[in-house]
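Structure first, then comments.
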Amino acid sequence: MSRPDATRRKSASRFALELILAIAVIVVAVYLLLLSDLNRVLRYRLDRLHSKGIPTNWAEVIPQPIPDEDNAAILYDRAFKLLTLARQERETLRTIFPADYRPSQGMAPNQAGNVDLKEVAQIIARNRPALDLLRQAAAKPKCRFPANWNERPYEVTLFPHYSPMFACARLLSAEAFVAAGQGDMNQFIDCYHTMLRIADHASSDLATASFAVASRTDMMVLASIHCGIQTLDLDPATCRALFDELQTIDLGPALRRAATGEGCIVFWVFGEVAKRPEEIQAVFTYSGDKEGAALSQRLPARFCLGPLGKLVRLREEIAYAERFERAMALAARPYRETAAAWRAAQDQQARLPPYYLVSRLAASFLSLVRNRDNTIAFRNAMQVALALKAYRAERGAYPDSLDALRGAGWTLPDDPFSGKPFGYRRLGPGFILYSWGEDLDDDGGRSVWPRNPTNRTDGDIVWSFPK
């Protein structure tokens, strides 16, 4: 090979190397520039959340310890260990207020479930020690079950006490039901007070599951009130006291607490994925998201979770911060005002890129909002029913319209799904109340139950009081 050829080859090799280095420098520079820009946008988004009082750091929301003498969890734990509910006994209790029990069926719960009151009374008697402890626990000011709050927050939310806590609430609802059937007003009201406190304690955790337990317990409290209104002869003073106390059922703070905890967990995962990407697989396994678990095995997803996927993860975290801010703002308002915005948010969620894995951890805040507003509708309807019962006790008959109650000094709550007074109609010796329901439409008291298979929200939520 001649010297000029060797020189040319050497020059070409040097040029190629320099070109590769130059491209590498440009790629790194562009990468760092994009990284800096995305970090800036993310800081802006997180600062916006902080400016609105919404934490994004798990360390900010870790609850403070509670002294043992004030902590209801210690007594709850002892009560759980004393529970003796066989599977068949749990099924018996479910027949009182079953999961699909609807006041719109126009019957008392025992008529709907054909409950054997003697058998229920025996179950209650066998669990009297647990019930006594429940009452002591409910009297405590605060509740915090033990957990390692500093490690893997998504595991912390897998509280084992949720199931027995709800079982205890169901047992109390059975006791209230039996007390109402026996005309024992004091026992009925005592059970009612205890269930209210259990719901309040259940909502104190930073998890959407705690909100679900609290809302289901509150609905059980309200179903008990519905039963008591129909079974017991409530005097006007008792109606007024129950009316006022129902106002204490407020799932708004619990929803915000659960949603904030959920958001902090998702942001924690974003921060941890670079340190230990194997955690993401564990999170998907926990969440039961089979699609997500499969996605996390695919090459694009594995790339996004690895060191080179930092830009993708930042873009996803920014997108999640935007959606989280919007969801928190929507969740603070009634569903009737935000239904269209929620539908748009759901459409946007459905269009997420398949490699956006962490965002899939986020719970559906819309379901929390619907639970809250359904509970508010039930609570408000029971308040109106109590006012109607008091009116009849004082004047001998139900009024022809709810305006008469306002004239008698009652300040009635509205239907949360319409923002207007509940529908009311006298029916024989009794009456019905109805809410517009989730379709946000006045169907004249046509019940949403049984559900329309093509439109599961078509119809009103109807509460029937035969007498």
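The values are calculated or read from the model by the stated rules, or taken from the named source; none is laboratory data. It should be emphasised that the depicted structure is a prediction, and the values quoted were computed from it without experimental measurement. As a convention, Cβ positions derive from the backbone with ideal geometry for all residues, glycine included, and neighbour counts pool all protein chains shown.
Considered as a group, the residues in the stretch 419-444 that are in a strand (DSSP E or B) and surrounded by fewer than 17 Cβ atoms within 10 Å (Cβ to Cβ) include one that is modelled with the lowest pLDDT, and that residue is L427. Criterion applied to A390, A381 was being aliphatic (A, V, I, L, M), in a helix (DSSP H, G or I) and in contact with a strand residue (DSSP E or B) (Cβ under 8 Å, 6 or more places away or on another chain), and the one residue passing it is A381. Within the stretch 338-358, track down each residue that is in contact (Cβ under 8 Å) with a residue 60 or more places away in the chain and part of a helix (DSSP H, G or I). Listed by number, the residues that qualify are A339, V358. Just to be sure before I move on: is A16 of a type in the set (G, A, S), over 30 Å from D132 (Cβ atoms) and surrounded by 10 or more Cβ atoms within 10 Å (Cβ to Cβ) in the structure I sent? It is true that A16 is of a type in the set (G, A, S), over 30 Å from D132 (Cβ atoms) and surrounded by 10 or more Cβ atoms within 10 Å (Cβ to Cβ). Yes or no: the stretch 193-206 includes at least one residue that is assigned to a helix (DSSP H, G or I), at pLDDT 90 or above and among the hydroxyl-bearing types (S, T, Y). Yes - at least one qualifying residue is present in the stretch 193-206. The single condition among (1) modelled with pLDDT of 90 or more; (2) more than 23 Å from the chain's Cα centre (by Cα) that T92 does not satisfy is (1).
Take the residues of the stretch 250-274 that are modelled with pLDDT under 90 and of a type in the set (V, I, T): which is nearest to A321 (Cα to Cα)? My answer is V266.
Of the residues making up the stretch 158-187, those that are in contact with a Ser or Thr (Cβ under 8 Å, 6 or more places away or on another chain), within 22 Å of E91 (Cα to Cα) and not aliphatic (A, V, I, L, M) are Y162, F166, S173, F177, G181. If a residue must be under 34 Å from the mean Cα position of the chain (by Cα) and touching a residue at least 24 places away in the same chain (Cβ under 8 Å), how many such residues does the stretch 366-409 contain? The qualifying residues number 24.
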